[in-house]
1. Rounded to the nearest 500 deg cm²/dmol, what is the calculated helix-only ellipticity per residue at 222 nm for the chain, with -39500 (n - 2.57) per DSSP H run of length n ≥ 4?
2. With Cα Rg over 2.2 N^0.38 Å in mind, check [x] 1.02; [y] 1.21; [z] 1.49 and report the label derived from this structure.
3. Within the chain, count lysine pairs with alpha carbon atoms under 19 angstrom apart where the residues are 8 or more positions apart or belong to different chains.
4. Using the basic label-point model (7 angstrom from Cα toward the beta carbon), what is the Asp90 to Asp46 distance in nanometres?
5. Work out how much length Leu24 to Thr56 would gain on full extension: take 0.36 nm times their residue separation and subtract the Cα-Cα distance, in nm to one decimal.
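Since every read-out is calculated from the coordinates, none of them should be taken as a lab result. Just so you know, these numbers come straight off a predicted model, no measurement behind them. Here Cβ is always computed from backbone atoms with ideal geometry, including for glycine, and neighbour counts include all displayed protein chains.
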Amino acid sequence: MGAYSMPDPLKTKLKQLIVTTLKLEDVKPEDLADDEPLIGSGLNLDSIDALELVVTLEKEFGLKIKSSEESREALASVAHLAEFIRARADPARLPG
């Protein structure tokens, strides 16, 4: 894979979900880096944002995030989130 690999449809969808769920008015999905932290630095999401995002992700992908520890791990970055979802989601709900 070169530097010009195809965008991951799941990561693209996650970025769109993050922006729309959290109503990030001055952020475009393509502005989000795959490996940028979502909580704390980076997007600077707080626990309410994280909870809102978890609820949306659970509905969207048919999975359960069981604890705040698990959600913190999943929301480490878009790349982590994509991995987390691929491992646990209903495959029929994954894009691409």
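1. The per-residue figure over the chain is -14500 deg cm²/dmol.
2. Looking at Cα Rg over 2.2 N^0.38 Å for this model, the match is [x].
3. The number of close lysine pairs in the chain is 12.
4. With each label point 7 Å from Cα toward Cβ, the separation is 3.3 nm.
5. 10.0 nm
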